[in-house]
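Take a look at the structure set out below.
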Ligand SMILES: CC(C)(COP(=O)(O)OP(=O)(O)OC[C@H]1O[C@@H](n2cnc3c(N)ncnc32)[C@H](O)[C@@H]1OP(=O)(O)O)[C@@H](O)C(=O)NCCC(=O)NCCS
């Protein structure tokens, strides 16, 4: 069982104006939106690998860099046109012919104030569709064991847990476990 996630938000009514995009370039306020929600997710303690919010320049370089990496595809969820969440597909490198059937879902989070509106569900469905279109047979991910909202979301969408790791993350000197999931796409 997942540990209790005391910071999981209360469920809110759905809003209809959710839009999911794949980003190949940054336009308008995209970069500012991505940096802002990243900082918010880090402060909230949920949703990124950073523990402390880095300088804005570092956040900007990170997101610009994602678009330059051929193995990464960046997806965003918008509410009222503004980016409120994001995820990436991390593709196997060209020399990984034996592992070319599987893609990894990574760096998936929704801004704390935008949760509960179906944005994560929309992003997941888009990722499944694109992964199938590219011929992947499996989609893999790993997640901290205390992310109960994410675990509920993944298990509701057919991900199966195949392993656990006691030392997955280290925060303030304390180890937190992790779970490893896979979903067969076809
Ligand atoms: C997990 C997360 C992405 C969900 O985002 P969201 O936009 O609020 O999710 P949605 O509104 O699309 O909800 C879809 C489903 O997710 C699950 N879910 C979402 N929030 C939940 C919560 N607080 N408690 C239980 N289940 C939850 C439910 O299955 C829900 O379906 P339902 O509405 O039929 O109950 C978001 O809480 C988040 O960013 N968490 C922190 C980051 C994280 O843990 N990322 C995963 C790392 S791999």
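Name the pairs whose Cβ atoms lie under 7 Å apart, with the first residue in the stretch 104-131 and on the phi > 0 side of the Ramachandran plot, the second within 7 Å of the ligand (Cβ to nearest atom), and 6 or more positions between them or separate chains?
Matching pairs, first to second residue: 116/9; 116/11.
Give the residue, chosen from 103, 143, 119, that is within 16 Å of the ligand (Cβ to nearest atom) and under 16 Å from residue 72 (Cβ atoms).
Selected residue: 103, the only one of 103, 143, 119 that is within 16 Å of the ligand (Cβ to nearest atom) and under 16 Å from residue 72 (Cβ atoms).
Hey, any hits in the stretch 48-55 for a residue that's within 11 Å of the ligand (Cβ to nearest atom), more than 19 Å from residue 104 (Cα to Cα) and modelled with pLDDT under 85? Write out each step before concluding.
From the stretch 48-55, those within 11 Å of the ligand (Cβ to nearest atom) are 48-49; that's our starting set.
If we keep only those that are more than 19 Å from residue 104 (Cα to Cα) too, we end up with none.
No, the conditions are met nowhere in the stretch 48-55.
From the list 78, 72, pick out the single residue that is over 24 Å from residue 169 (Cα atoms) and either near the ligand (Cβ under 10 Å from one of its atoms) or modelled with pLDDT of 90 or more (or both).
On the way: 72 fails: over 24 Å from residue 169 (Cα atoms).
After applying the criteria, what remains is 78.
Look at the stretch 67-83 and say how many of its residues are free of Cβ contacts under 8 Å to residues at least 24 places away in the same chain and in contact with a helix residue (DSSP H, G or I) (Cβ under 9 Å, 6 or more places away or on another chain).
Number of matching residues: 1.
Can you pull out the residues in the stretch 73-92 that are more than 18 Å from residue 49 (Cα to Cα) and surrounded by fewer than 19 Cβ atoms within 10 Å (Cβ to Cβ)?
Once the filter is applied, which keeps residues that are more than 18 Å from residue 49 (Cα to Cα) and surrounded by fewer than 19 Cβ atoms within 10 Å (Cβ to Cβ), the stretch 73-92 yields 80, 81, 82, 92.
Yes/no matrix, rows are residues, columns are (1) assigned to a helix (DSSP H, G or I); (2) under 25 Å from residue 30 (Cα atoms):
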residue: 70; (1), (2): no, yes
residue: 77; (1), (2): no, yes
residue: 89; (1), (2): no, yes
residue: 100; (1), (2): no, no
residue: 128; (1), (2): yes, yes
residue: 135; (1), (2): no, no
residue: 146; (1), (2): no, no
residue: 165; (1), (2): no, no
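Can you tell me which residue within the stretch 148-163, out of those that are out of contact with any helix residue (DSSP H, G or I) (no Cβ under 8 Å at 6 or more places or on another chain) and part of a loop (DSSP other than H, G, I, E, B), is nearest to residue 45 (Cα to Cα)?
My answer is 159.
The values are calculated or read from the model by the stated rules, or taken from the named source; none is laboratory data. A quick note: this is a predicted structure, and the numbers were derived from the prediction, not measured. Because the Cβ atoms are built from the backbone with ideal geometry, glycine has one as well, and the counts that use them run over all protein chains shown.
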